[in-house]
1. Modelled label-to-label distance, Asp120 and Ser55, 7 Å Cα→beta-carbon offset: nm?
2. What shape does the chain have by the C-alpha gyration tensor, where a ≥ b ≥ c are the square roots of the eigenvalues, rounded means a/c under 1.5, and otherwise prolate means a/b greater than b/c and oblate the rest?
3. All other residues with a Cβ under 14 Å from the Cβ of Ile36 taken together, and with Lys, Arg as +1 and Asp, Glu as -1, what is their net charge?
4. Using r as the Cβ-Cβ distance of Lys183 and Ala162, and R0 as 25 Å, what FRET efficiency do you calculate, to the nearest 0.05?
5. In nm, to one decimal, how far is the modelled label at Lys64 from the one at Asn104, with both set 7 Å along Cα→Cβ?
6. Taking a probe of 1.4 Å, how large is the accessible area per residue of the chain, in Å²?
7. Could you work out the relative contact order of the chain, using alpha carbon pairs under 8 angstrom and six or more residues apart, expressed as a whole percent?
8. Which residue, Gln14, Gln97, Gln111, tops the fluctuation ranking in a GNM of the chain built on C-alpha contacts under 10 Å?
Amino acid sequence: MDTREFLSYVNQNQYIQSDSECKRKMTKLATEARKITSELNNKFLEMNEIQKLFSKLIGSEVDKTFCLFPPFYTDCGKNIHLGKNVFINSGCAFQDQGGIWLGNDVFIGHQVVLATLNHDINPKNRKSLVAKPIVIEDNVWIGAHSTILSGVKIGKNAIVAAGSVVTKDVLKNTIVGGVPARKIKDIGEE
């Protein structure tokens, strides 16, 4: 299975058997991601060097407006999709096998976790996985230490308060917070 076939499979929200070719490809991609993130995280780099390494990590060129403050962690990398003017602060971890889409003008705070995989709840199949995407639309701000779980869509202009755990979709123009995250208020036109 090549990377294109892997992405096609997991982007259909597929079940990943523990002993499958898809799972073996995940392991190979994780090894490649660890090599790239090790280089990204363990020496000082200028922003253009960070952009070049991040482009290598995700398999496509990032926009010149992309900004990342390392360290950054991922166990795949190839299923991260970025808009323009995306900012990712330090210490973030993206588990992107199920797909992570960040729109334009997205700000990700310190140590945010985006997790697109779940294990099978049946103990006999616990090593198998279910992949579901995370979609973060334009102009969203994710506060520090938040966790966004698989299958969640965060609507345009929304804000996720620091320390939140987002388990379900967030409507556009709203602020959510807490564990689990709940609507705090609407964002009005100022």
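The values are calculated or read from the model by the stated rules, or taken from the named source; none is laboratory data. Predicted, not measured: the structure shown is a model, and the values here were computed from it. Glycine also receives a Cβ, built like all others from the backbone with ideal geometry; neighbour counts cover every protein chain displayed. Please note that ligands, DNA and RNA were not included when accessible areas were found on the heavy atoms of the full protein model with its side chains. Shrake-Rupley method; radii C 1.70, N 1.55, O 1.52, S 1.80 Å.
1. 4.1 nm
2. The shape class here is oblate.
3. Charge balance in the 14 Å sphere: +2.
4. Plugging the Cβ-Cβ distance into 1/(1 + (r/R0)^6) gives 0.95.
5. That separation, rounded to one decimal, is 1.7 nm.
6. Counting only protein heavy atoms, the per-residue value for the chain is 53 Å².
7. Numbers: 502 pairs, mean separation 27.7, N = 190.
Contact order relative to length: 15 percent.
8. With Cα springs under 10 Å in the chain, the top fluctuation among Gln14, Gln97, Gln111 is at Gln14.
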